[in-house]
Each structure stands twice: as structure tokens, then as C-alpha cells.
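The values are calculated or read from the model by the stated rules, or taken from the named source; none is laboratory data. Please read these numbers as outputs of a predicted model, since none were measured by experiment. Don't worry about glycine lacking a Cβ; one is built from the backbone with ideal geometry, like all the others, and counts go over all protein chains shown. Heads up: the accessible areas ignore ligands, DNA and RNA and are worked out on the full protein's heavy atoms, side chains in. Shrake-Rupley method; radii C 1.70, N 1.55, O 1.52, S 1.80 Å.
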Amino acid sequence: MTHITRDRTDNELTVIKKNFLTLVNILQKLEIDFIIDGGLLLGIIREGDIIKWDWDIEFSFYEYILMNNMEKILKETNKNGFSIHKLDKKNAKLEFYKELPYEVFSFTFKGWKHNKQKKCFERKEFRVPDKYFLNLEKINYLNLEFNCPGPIVEYLDLMYGDWKMPKRSGNLEEYLTKDYYKKQNFIILNLKKLFYRVKYIYDKFI
């Protein structure tokens, strides 16, 4: 299933904000630190609110925090009526939704692993210099204060490039910079898979 790229109605936006605040309350109740990231951060800075055509709200966590609290999060979100769309423990990612269909809007919890040697936080094809997640700033939204990567403007420049110009696209390559989203080459990716398969066979039988 893919998300729908269209403006969300006023009623849908009301539901989205209500469910967002429910998730915030759950995380605060469980005393789990999180970071407001991605499209919501962009929307707050550029438009003062959710981007109407955006399809999800992303919460970022240090990977060990998210994974150590995953069972508590699953229990509380289920208790509050959220449905899981995808649980990827290997890549520390949880996608779920409530009231609105997943295609219309969802919420994403994603864990970032600190690579101290490379001085970055990373997950799959995404890389962020660690200074942004180690030097957090505060941002106000819906009369609450949240942590977010800082410096905010510099971080948005890293993610989106010319973020002041709205881009209505569901293609990551069209609105994320190559410094932030390092999509792996298809041929290289398959060569890596082949290498590890051959290595596995060699180690097991030779």
C-alpha cells in the first residue's frame, strides 16, 4: 500500500493532530525520549502546522531507546486503538495508524544508530552528521515543547535543500538531498547480496 498525495481535509487534520497528541502522551507516560523530525518539523517551521499533503508524522529515537522500549510501546499503542502496519525490528522502525486508513495518514517511529567512528547517525540509506542529534533544540507546537535536531534551519537544508519551496511528491529522490538520502545502487546492492551468499556457502561447506 502506498500513501495518497493530496491535501488532507480539515476533519482529517483534526483527527491527525488528536492522534499525534495521544502518541506524545504515551511516550511521555512511558518516559521515552523522542525527537520531532521530517515533514512535521518542516511544516512547523515553514507553515506553522502540518503540511496538508503530507502522509505521515515521524518520531525519531536513538535506536537503543526505541528497541529497549518496543514492547511497552506496542502494548500502549494497541491499548489506545492504533493498528500496526509494519514492524521492522531489524531496522528499528514501526509504522501504525488510527481512525484514518494507512494510505491517508500514518505515524512512524524510527530508530537511529550512532556510528561514533563515522560521527553520524544512520539507518538504512539515511545518514545524518551526529551533531544534529546530539545538540537538540526546542520547538513549540500545539502548545507543547518538543526536541528536534539542531540547528533546525541547517538540518532542514541538509534534508531538503531548498525547503522553502514546497514540493508535492511521494518520491524520496525528488525532495530529499543526496547528502541525507543515499539510495543504494541496484547493481551494487545485488552484488553485495551475492557476495554474502557465496561467503555463507564457503564458510559452511569448505
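Things to note:
- Distance between the pseudo-spin-label points of residue 45 and residue 28 (7 Å out from Cα toward the beta carbon): 2.4 nm.
- For the stretch 34-190: rounded, prolate or oblate by the Cα gyration tensor [a/c cutoff 1.5]: rounded
- Bridgeable lysines around residue 178 (alpha carbons under 22 Å apart, same-chain partners fewer than 8 residues away excluded): 93, 110, 113, 116, 118, 119, 124, 131, 164, 167, 192.
- Averaging the sequence gap over all C-alpha pairs within less than 8 Å and six or more residues apart, then dividing by the number of residues, gives the chain a relative contact order of 18 percent.
- 222 nm mean residue ellipticity, helices alone, for the chain (DSSP H n ≥ 4; -39,500 (n - 2.57); rounded to 500): -12000 deg cm²/dmol
- Accessible surface ranking that places the most exposed of 60, 83 first, with a 1.4 angstrom probe: 83, 60
- Ligands, DNA and RNA excluded, the heavy atoms of residue 141 present near 10 Å² of accessible surface to a 1.4 Å solvent probe.
- Accessible surface of the stretch 112-163 [probe 1.4 Å, protein heavy atoms]: carbon and sulfur percent: 46
- Each part reduced to its alpha carbon centroid, the stretch 6-28 and the stretch 75-91 end up 16 Å apart.
- The stretch 90-173: C-alpha gyration tensor shape, a/c 1.5 cut-off, then a/b vs b/c: rounded
- Calculated FRET value between residue 67 and residue 119, using beta carbons and R₀ = 25 Å, to 0.05: 0.70
- Annotation: Cα Rg of the stretch 62-125 relative to the compact-globule expectation 2.2 N^0.38 Å equals 1.24.
- Using R0 = 22 Å, the C-beta based FRET efficiency linking residue 89 and residue 171 works out to 0.25.
- Its Cα gyration tensor gives the stretch 1-122 an equivalent ellipsoid, and the semi-axes of that ellipsoid, as √(5λ) in whole Å with the largest first, are 23, 18, 14.
- Length available on full extension from residue 143 to residue 182: 0.36 nm per residue minus the Cα-Cα distance, which gives 10.5 nm.
- Under 15 Å of direct C-alpha separation, and excluding same-chain neighbours fewer than eight residues apart, residue 86 reaches these aspartates and glutamates: 56, 58, 71, 95, 103.
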